[in-house]
Each structure stands twice: as C-alpha cells, then as structure tokens.
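This is the structure I want to talk about, given as structure tokens.
The values are calculated or read from the model by the stated rules, or taken from the named source; none is laboratory data. Every value quoted in this text rests on a predicted model; they were computed, and no experiment measured them. Note that each Cβ is placed from the backbone with ideal geometry, even for glycine, and that neighbours are counted across all protein chains shown. We work out accessible area using only protein heavy atoms, side chains counted, and drop any ligands, DNA or RNA first. Shrake-Rupley method; radii C 1.70, N 1.55, O 1.52, S 1.80 Å.
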Amino acid sequence: MDWTKESIQQPTAKLKAQGNRERIKFAVGGLLLVSAVAFLLVSGTLGGVRFFITIDELLSGAHPVGETVRITGAVIGESIQYDPQTLDLSFTIAHMSVDTPDLARALHEAVLDPNAPRLTVYMTNQVKPDLLRNEAQAILTGSLQADGRFYGDSVLLKCPSRFDDPHPGEAVLAAEGNP
Amino acid sequence: MLAEVGFISTWLSIALAVYAAAAAAIGHYRRQPAWTHSARNAVFLVFGALSVSVGTLLVALITEQYQLAYVWSVSNPSMPMVYRVTALWGSQAGSLLFWCWMMSAFSALSVATNWRSNYRLMPHVIIFQMVLTGFFTLLLMGVENPFARYWVAGADVLQSALQPAGTAAPALDALSSTAKGLNPLLRHFGMVIHPPLLYLGFVGFLVPCAFAFAALATGDLSTQWIKASRRWSLVAWVFLGLGLVLGGRWAYDVLGWGGYWGWDPVENAAFLPWLIGTAYLHSIMIQEKRGMFKTWNMALIVATFSAVIFGTFATRSGLVESVHSFARSDIGFPMLAMWFSVTFTLIVLIVWRQNAGHLRDDHPMTGILSRESLFLLNNFIFIALFIAVFWGSFGAPILSEQFFDTKITLGAEYFLNVTPPLFLALFVLMGVAPLAGWGVSAWRRIGQGLIVPLLLSIATVIGFVLLGHRTPITLVGYGIVALAGWVAAYETYRAVRARQFNLGEGVLTALGALARRNPRRYGGYLTHIGVVIIGIGIIGSTAYQRETQATLPVGGEVSLDGYTLRYAGFEGGQIAEDGRIMDIAIVEVYRGGQLLSTLRPRRDFFPQQTDMNSMTIAAAHSTLENDVYLLLLDWDEISQDNATFKVYINPLINLVWWGALVLIAGMAVGLYPTVTPETSPRRTVKPVSGLAEGSA
C-alpha cells in the first residue's frame, strides 16, 4: 500500500473540494431564496399599500382621486340608508380625533360638531353590518371618486360602549332617574 | 365576601410567585436545595391561590353576584348557565385572570413532572415561569382588577376593591335589572371553547421557553431541554392551531360575511406564533437526530414565545383596529416593556453561549438534498411567512407611523398575493422531505418515492376538474397540496404492507404497531394529512365561492349552483332562553327536485343591550362537498310576505373543520411515548448528589 504523504492528502483535498462545492450550492440557493422572498414582499407591499388618513386629509386633496385609502370617522346615525333588495348602503361619517384614550367621547363630539368635516360613503353589494349605528367608529377602505363620493370596499365598525361599559353605579343611578 | 376572597388570593399568588422566583434563585446560586424545594412548593401554591381566584369569579358569575363590576358587565339574569361560565373569559379582566391561572397550572404541572428527571434545570424553569406569572397577575390587579366593586354614595360613584367609609351598596335588584349581559357576538359555541384553546396554545409555549432559558442559564445545552419540553411544544402547537380554526369557525358563523379568515391583525397575531412554532417543531428533530441547529432552535423557541407575548400585547392593548380586539387599555406599555425585556434577555443569553462555543453543532451540513437541508429550507419558508405576515399586520403600519409621519396599512390583497406561493412551497417540501435521507440523499431516491404519490395527485386533480373546479392556478394548488398528503399516505401504506407481508398482521394491527414503534413519524404523517385536508378546503372555499341575493315572497324561489332555495314562511318574535327575540325565516333547500333540508336563518334582537342590540345569524346546509350558507337580510315587518336573503355556496369549506380533527388525531399519535435508550427508566439521569430530593 502506498502510504506517502501525497496519497493521504489526496482524498482529504477531495473532501475539502466537495465541501466547498456544497457550501457554494448552499450560498447560491440561499441567495436565490432570499431574493425571491424579498421580491414577493416588495411587490406585495407596493400593490397592497393603503394610506390610513383622516377625512380632513382626504378632502384636502392630498391623495389623488381614485387612490384606494383607509379612512376612519364617526357614523352619523340619521344618515344611514340601506336598501336590502339591492344591498346598496350609504352613510355619513364625521372627522374624529383618533389619538384619544376616550373613544366614546371622541365619537360623541365628532357627531355633534356641526363644523367637523363630513364624508358620505357609498357601498354596493354590502350586507348592513349589525354594528352600523350612530356614534360607531367606521374604518373604511375605498376611494374618493371624481363625483365627490367615497366608494367603500370594506368596512370595520367599533362601538366603544361595547367595550367600555358604564359603571354599575352609574347605570343604577340612571335607572332611578338620577343621571 | 367573594370579592374579598378573590382579591386576597390573587394578591397572595403575586407574593408567592415573587417568593418562588427568589427562592429558586437563592437555591441555585447559593447551592441550598432547601430553597429550591421551597420554590417548588410555592409554585404549587401559586396555582392553588389562582385557582381560588378563578373559582371565586366563576362562583360569582354562576350565582349572579352583580355587585362585582365584572359580573355586572358580562352577564345578566336571563343568560343560560353555559354563557355565565364562558363569561369568565368574555372581557379583558376575566380573560387575563384565566390566562394567569393557566400559566400557573402549566408551571405547576411542568415542575411536578420534571422535578426528578430534570432537577438541574428546575430552578431556572421556576424563575422564568414565576417571573412571567407574577408579572401578568400584577398587571391584572394593577390595571384590570376583576374583583372591583362599585358603591353608590349620593350621586357619586366610587370604585374600590373594599368598601369605602360612608358609602352604601346599591340594592341587588337594581344592579341585576341593569346588568348588561355577555356581548352577543360571544354567545356562540365557538367562543365557548375558542379562547381557552387559544390560551392553552399561547401559554403552552411558556414551558419549552422556560426550559430553553434554563438550558442557556445553566449551560446544560444538550438535547435534554428539548426532550423535556417536546410534548409541551406539541400540545401547545395543536391547541394554538385548533384555537385558530375555531376562531375561524366563530367568524364564519357569527360575523355573517361567508368567510372565516380576513387577515385581520388580531387573527394574524395568533397565527404568528403558530408559524414559528411549526418551524421549531420541525427543527428540533434535527437537533435530536443529528445534534445540529442548536443555536437556531434556541432562536426559534425564543421567537415563538416572543410572538406569543407580542400577540397578547397587540390584542389586549388596543394597538390594532380589529373586530377581535379588546378595548384600548393601560396594560399596553407594561406588557410591551415585558415583551422587550424577556426577548432581549434571551437573545443576550443565546449570543453569549454562541460566542462561548457552547452551541456548536455536532455535524456540519452535508448534501443539499439531505433531510436536514430540506428541514432548513422548511424553516426558511416558515420564517419568510412569519416576516410577511408580521410586516403586513404590524411592521408596515408601525414603521410608517413612527418614521414617515404617515400611516399605511396593507389590506387583504397583500396577504393574498404574498402568502400563497410560500404556502405552496411548504406543501412541496411536506411532500419531498419525508422521502429524503439523513446526511446525504439523491434525486433518484426521492424521485422513486414520488412516482406513486404523483400519479395519485394527478388523479385527484382530475377529480376536481370533474367537480367543476377548472381554474388552472387552483388545479396546480390542489395538485401540490394533494401530493404532500399522498406521500404521507403512501409511505404509511408501504410500511403497513411490509408488516403484513413479513409478520402476517392485519391492517389495523399493523397501523397500531407502526404508531407505537415510531409515533413521531406516523403521528407526523397523520398531522400532514390533516394540514393537507385543511389546505384543500381553503383553496376550494376561497377560489370557488359563489353568491347571490334575492327578495322573495312566501313560496318564492332562488337558484344557485344547482341548489334551489324556497322561502316557506316566517316565525317572528320567538323568545329564546337568554331573552333574545328571534325573527326566523323558514327556507327549504332543494337539489334536483329533492328536499335536502330546511334552514332557519334569523335576526336576533337583544333588548337589554344598549349598543349592539341585533345580530344576523346565518344558517347552513353542510356537506363535505359544500355549504349552502344563508343570511336573512330583511323582511316586511307587517305582512312578513317578502324577505331578502343572501346565499353563498362555499365549496369544500367543511374540510377545514374536518382537517382540524385529523390534526388532533396526529398529535395524539405523536404524543405516544417512545421508549428509546435515552429516555428509558434505566438511563434516566438521577439528581446530582447533594441536590437530590431527599437531601433537603
């Protein structure tokens, strides 16, 4: 058997080269995968991005007509119109302050404020949500069109009283006629 | 009296948790086993004290103690018993108490079952679990005390845990007549079990993360921490998955939009730990088999638990706008601080151990087609999904608001574009990885194993074409998903056939023997089949949903996809047990002229609710093929002659729920104990001399 230094080094070098080839394969594969995922994320983000703006900002023309945006506002109960046969729904929302710990108060004040900017929303093929009522917070996705109407694609509603219950003592006093 | 008992026991549990953590630290660092034993007993007492707290609130709900503010806000006299019990997790305070109780239960159980076999890890396991349990309980009592009571003093309303001087409690009948009752949205069987399952999933990951922390802190970085916590991880993972599916079922039944998953931030917050936990469950197999991925596994379990705390924070703080979220609450900042502290500490420990060379792998990565490479790829895709979902739900909105003075959100379109390719890649791997060998593997071996499953997948696709599902992209999806299922089924079939041939066993006997001999493999295959069934259900119900709407006179009909629905009559003003008033339409469903069922879609009115006082309840005729899902939108109040309906046909949707049951079966098999040399009783590691049980 040949026990020279070269004969021992030969298979070691072979293994080393094989290891390097595997490493290169892993590196190239990894790079390709990272690039594919990055592409997916970037293209998905560019295609799905919606600016979350206030009614004020929408009406000021900061965003082009037809751009899909997300807006929020306080629902004015008396404006709700719904045709269950055609599933056409429209209602008006008033500009409200969103950075407040007291959501109920913000909604109440927005609905009562005659100077708060208002926007009428139109939705088609929309089942009237059970939570759509006066002083609910509506979060809408849709776009302002050239006719000045906001066409909503989806609506999410929150009723503050659903979460922030009045205290029992207050309710008892109210029930006894001592608000 | 109940309020005082609950109040005191909860504060006692906080004191005990602090004591347990401190005693465990003293026991370990001063090498005084008596302290460690005392810490263990304190863990059990924390569980006992929180059990008293939860029991107290439950008794208060059942016996209608409306002087407790929580009871008053989530129940009323007309609510049936089942909803009084589920009201325990019907609002922020109660559900947080329930969460803390579960944490204490998991802590006590994991300490009890690992005390002898993993004694060295116990002090740090106790420290981690008790710090977190103590923190969440303190947060509960500091911000959302569930035992708060209210008294009326003149026109002022005073809130206190104990009655202030000079005040008087309002009469009980005045309280009961104004009690609000459980939110109508939560009066559904899905809500009866969905939150506890989700919490079991969330809290379950506390245990493996505590063991990981203990391993990092003590330097015992063998696979022992994984072995000790593997079953906890598996149970947590399945419960989290079931919680997600049941949440979807609740949305499907209650929210009335014909779907079950809206890529809502809160849904996604629960989905994130499931994604990364799945990566972890796959990855730890490599460490157990080959001693590889040690740092990676640590990072994954830390990320999983970090995602759990972040998800809890996102849901409970009011951070995101969602139909599922709780109200904006003061618990946000402390919870965020805890999330950061826990995550940062664990990352520092991992980096420290990694730099010290304690997490070095036993083997290098070899062939690109080896099973470990494919598992790494599987992990990569799970992480990519995690990043994609996190970015869409939280990353983009938060970053844009913090750094660009604007707020952007990414809608459902983003998720529908980004996630399907990644999910399909996962299904491809689910099909290929089980056929690859450890260390090295060849295309040929994998290719041979794929021939029969590929043919079966093609047959499956042809079946879908015959069913009328003909969109090319969905057929590709069906094929890829089915391939993963057929690989699992065919591999099991081959093993059964081998036993039949060699040992002459019957099919069931052979299946049972396989499950006992290698529960992980065959439990894993069954789990894969469950996921495949869910996947097919998701593709079918998403891509082939049909809908229409119609206003019908009594006797009128509307047709959709071969079904005819006939409006047969109306039952107005029905009063249910919980006081709701129901207006019900009677609709007959026909197919080919044959009556299949009679549906009763309805609108419920809740007279005692001041906010959300009506709710649309869908009705459905369900088969494996599809759901005929019907909503009553409107009706003529006086004549009741005309009613408007919305009809959905949701193909294959029931596979989503049935797949979840198969998932449970897979978990049950996977949990079956494997007797290996490492875990056999003869080789169990005894407690270190001097720290042994009896030496205290």
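Looking only at residues that are in a loop (DSSP other than H, G, I, E, B) and not hydroxyl-bearing (Ser, Thr, Tyr) in segment B:369-414, which one is nearest to residue B:289 (Cα to Cα)?
Going through segment B:369-414, the residues in a loop (DSSP other than H, G, I, E, B) turn out to be B:369-370, B:404-407, B:411.
Now drop any that are not not hydroxyl-bearing (Ser, Thr, Tyr), which leaves B:369, B:404-405, B:407, B:411.
Details: B:369: 17, B:404: 48, B:405: 50, B:407: 47, B:411: 42 Å.
Top of the filtered list is B:369.
Which residues, taken from segment B:219-238, are in contact with a Leu (Cβ under 8 Å, 6 or more places away or on another chain), assigned to a helix (DSSP H, G or I) and open to solvent by 30 Å² or more (accessible area, probe 1.4 Å)?
Result: B:224, B:231, B:235.
Next question. Looking at (1) open to solvent by less than 30 Å² (accessible area, probe 1.4 Å); (2) under 27 Å from the mean Cα position of the chain (by Cα); (3) without any contact (Cβ under 8 Å) to a residue 60 or more places away in the chain, which is the only condition residue B:489 fails?
(1)
Now a separate question. If I filter segment B:386-414 down to residues being touching a residue at least 60 places away in the same chain (Cβ under 8 Å) and within 23 Å of residue B:300 (Cα to Cα), which single residue comes out as nearest to the other protein chains (Cβ to nearest Cβ)?
B:392
Consider residue B:540 against the criteria (1) open to solvent by 50 Å² or more (accessible area, probe 1.4 Å); (2) closer than 29 Å to residue B:629 by Cα; (3) out of contact with any Gly (no Cβ under 7 Å at 6 or more places or on another chain): it satisfies all of them except one. Which criterion is unmet?
Here residue B:540 meets the rest and fails (1).
Please go through segment B:190-217 and pick out each residue that is farther than 21 Å from residue B:54 by Cα and open to solvent by 10 Å² or more (accessible area, probe 1.4 Å).
Those that are farther than 21 Å from residue B:54 by Cα and open to solvent by 10 Å² or more (accessible area, probe 1.4 Å): B:213, B:217.
Restricting attention to segment A:41-56, which residues are within 24 Å of residue A:110 (Cβ to Cβ) and more than 17 Å from the chain's Cα centre (by Cα)? Step through it out loud before you land on a result.
Just the residues of segment A:41-56 that are within 24 Å of residue A:110 (Cβ to Cβ), to begin with: A:50-56.
The one that is within 24 Å of residue A:110 (Cβ to Cβ) and more than 17 Å from the chain's Cα centre (by Cα): A:56.
If you go through segment A:162-174 one residue at a time, do you hit one that is surrounded by fewer than 19 Cβ atoms within 10 Å (Cβ to Cβ), modelled with pLDDT of 80 or more and more than 8 Å from every other protein chain (Cβ to nearest Cβ)?
no
Report those helices (runs of 4 or more DSSP H) wholly inside segment B:49-157 carrying at least 2 residues which are among the hydroxyl-bearing types (Ser, Thr, Tyr), away from chain A (no Cβ under 13 Å) and in contact (Cβ under 8 Å) with a residue 60 or more places away in the chain.
Per the criteria, B:81-86, B:92-114, B:122-143.
Output the residue which, of all residues in segment A:80-91 that are buried (at least 20 other Cβ atoms within 10 Å of the Cβ) and at pLDDT 90 or above, is farthest from the other protein chains (Cβ to nearest Cβ). Let's see the steps before the verdict.
First, the residues of segment A:80-91 that are buried (at least 20 other Cβ atoms within 10 Å of the Cβ): A:84, A:89, A:91.
Still in the list and also at pLDDT 90 or above: A:89, A:91.
Numbers: A:89: 11, A:91: 17 Å.
That would be A:91.
Something else now. Looking at this structure, is residue B:586 open to solvent by 10 Å² or more (accessible area, probe 1.4 Å), modelled with pLDDT of 95 or more and either within 14 Å of chain A (Cβ to nearest Cβ) or under 26 Å from residue B:249 (Cα atoms) (or both)?
On the way: open to solvent by 10 Å² or more (accessible area, probe 1.4 Å): yes; modelled with pLDDT of 95 or more: yes; either within 14 Å of chain A (Cβ to nearest Cβ) or under 26 Å from residue B:249 (Cα atoms) (or both): yes.
So residue B:586 fits the description; yes.
For segment A:106-138, how many residues are aliphatic (A, V, I, L, M), within 14 Å of chain B (Cβ to nearest Cβ) and either closer than 26 Å to residue B:550 by Cα or surrounded by 20 or more Cβ atoms within 10 Å (Cβ to Cβ) (or both)?
Within segment A:106-138, the subset aliphatic (A, V, I, L, M) is A:106-107, A:110-112, A:116, A:119, A:121, A:123, A:127, A:131-132, A:136, A:138.
From the residues that got through so far, the ones that are within 14 Å of chain B (Cβ to nearest Cβ) too are A:106-107, A:123, A:127, A:131-132, A:136, A:138.
In the following step, the residues that additionally are either closer than 26 Å to residue B:550 by Cα or surrounded by 20 or more Cβ atoms within 10 Å (Cβ to Cβ) (or both) were identified as A:107, A:123, A:127, A:131-132, A:136, A:138.
Adding up the residues that qualify gives 7.
How about segment B:28-41: which of its residues are small (Gly, Ala, Ser) and surrounded by fewer than 24 Cβ atoms within 10 Å (Cβ to Cβ)?
Listed by number, the residues that qualify are B:34, B:38.
Being closer than 22 Å to residue B:132 by Cβ and either part of a helix (DSSP H, G or I) or open to solvent by 20 Å² or more (accessible area, probe 1.4 Å) (or both) narrows it down to one of B:432, B:351, so name that one.
Just one listed residue meets the conditions, B:351.
Quick check on my filter: what residues within segment B:51-82 are closer than 18 Å to residue B:141 by Cα, open to solvent by 10 Å² or more (accessible area, probe 1.4 Å) and either touching a Ser or Thr at 6+ places or on another chain (Cβ under 6 Å) or among the acidic types (Asp, Glu) (or both)?
Correct list: B:52 only.
Taking residue B:417 and the conditions (1) more than 14 Å from chain A (Cβ to nearest Cβ); (2) open to solvent by 30 Å² or more (accessible area, probe 1.4 Å), which numbered condition does it fall short on, given that it satisfies the others?
(1)
Let me ask you something else. Of all the residues that make up segment A:50-79, how many are farther than 16 Å from residue A:121 by Cα, assigned to a strand (DSSP E or B) and open to solvent by 40 Å² or more (accessible area, probe 1.4 Å)?
Final tally of qualifying residues: 1.
If residue B:461 satisfies every condition in (1) modelled with pLDDT of 95 or more; (2) open to solvent by 60 Å² or more (accessible area, probe 1.4 Å) but one, which is the exception?
The failed condition is (2).
Anything in segment A:25-55 that is away from chain B (no Cβ under 11 Å) and within 18 Å of residue A:152 (Cβ to Cβ)? List them, or say none.
A:55 - this is the single residue of segment A:25-55 that is away from chain B (no Cβ under 11 Å) and within 18 Å of residue A:152 (Cβ to Cβ).
Same structure, new question: I need the full set of residues from segment B:119-133 which are open to solvent by 10 Å² or more (accessible area, probe 1.4 Å) and not aromatic (Phe, Trp, Tyr), in order please.
Start the filter on segment B:119-133 by keeping residues that are open to solvent by 10 Å² or more (accessible area, probe 1.4 Å), which leaves B:119-120, B:127-128, B:131.
Within segment B:119-133, B:120, B:127, B:131 meet the criteria.
Now for a separate question. So residue B:580 clears everything in (1) touching a Pro at 6+ places or on another chain (Cβ under 9 Å); (2) over 26 Å from residue A:124 (Cα atoms); (3) surrounded by fewer than 19 Cβ atoms within 10 Å (Cβ to Cβ) except one condition, right? Which one?
Every listed condition holds for residue B:580 apart from (3).
Now, a different point. Does segment B:278-289 include one or more residues that are open to solvent by 10 Å² or more (accessible area, probe 1.4 Å) and touching a Ser or Thr at 6+ places or on another chain (Cβ under 7 Å)?
Within segment B:278-289 (the criterion being open to solvent by 10 Å² or more (accessible area, probe 1.4 Å) and touching a Ser or Thr at 6+ places or on another chain (Cβ under 7 Å)), the answer is yes, since at least one residue qualifies.
Still on this structure, I have one more. Considering segment B:577-605 alone, what residues qualify as being acidic (Asp, Glu) and out of contact with any Leu (no Cβ under 7 Å at 6 or more places or on another chain)?
Those that are acidic (Asp, Glu) and out of contact with any Leu (no Cβ under 7 Å at 6 or more places or on another chain): B:577, B:578, B:583, B:604.
Within segment B:239-263, which residues are in a loop (DSSP other than H, G, I, E, B) and open to solvent by 20 Å² or more (accessible area, probe 1.4 Å)?
Let us first name the residues in segment B:239-263 that are in a loop (DSSP other than H, G, I, E, B), namely B:255-263.
Scanning segment B:239-263 gives B:255, B:257, B:260, B:261, B:262, B:263.
Quick test of your reading of the structure: residue B:139 fulfils all but one of (1) modelled with pLDDT of 90 or more; (2) among the hydrophobic types (A, V, I, L, M, F, W, C); (3) touching a Leu at 6+ places or on another chain (Cβ under 7 Å); (4) not assigned by TED's automatic domain parsing to the domain that holds residue B:360. Name the failing condition by number.
Only one criterion is unmet by residue B:139, namely (3).
Residues checked against (1) in contact (Cβ under 8 Å) with a residue 24 or more places away in the chain; (2) within 33 Å of the chain's Cα centre (by Cα):
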{"position": "B:500", "(1), (2)": "no, no"}
{"position": "B:505", "(1), (2)": "no, no"}
{"position": "B:509", "(1), (2)": "no, no"}
{"position": "B:547", "(1), (2)": "yes, yes"}
{"position": "B:553", "(1), (2)": "yes, no"}
{"position": "B:563", "(1), (2)": "yes, no"}
{"position": "B:576", "(1), (2)": "yes, yes"}
{"position": "B:580", "(1), (2)": "yes, yes"}
{"position": "B:586", "(1), (2)": "no, no"}
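Looking at B:552, B:565, B:483, B:560, which one is crowded, with 22+ Cβ neighbours inside 10 Å and under 24 Å from residue B:619 (Cβ atoms)?
Working: B:552 fails: crowded, with 22+ Cβ neighbours inside 10 Å; B:483 fails: under 24 Å from residue B:619 (Cβ atoms); B:560 fails: crowded, with 22+ Cβ neighbours inside 10 Å.
The conditions single out B:565.
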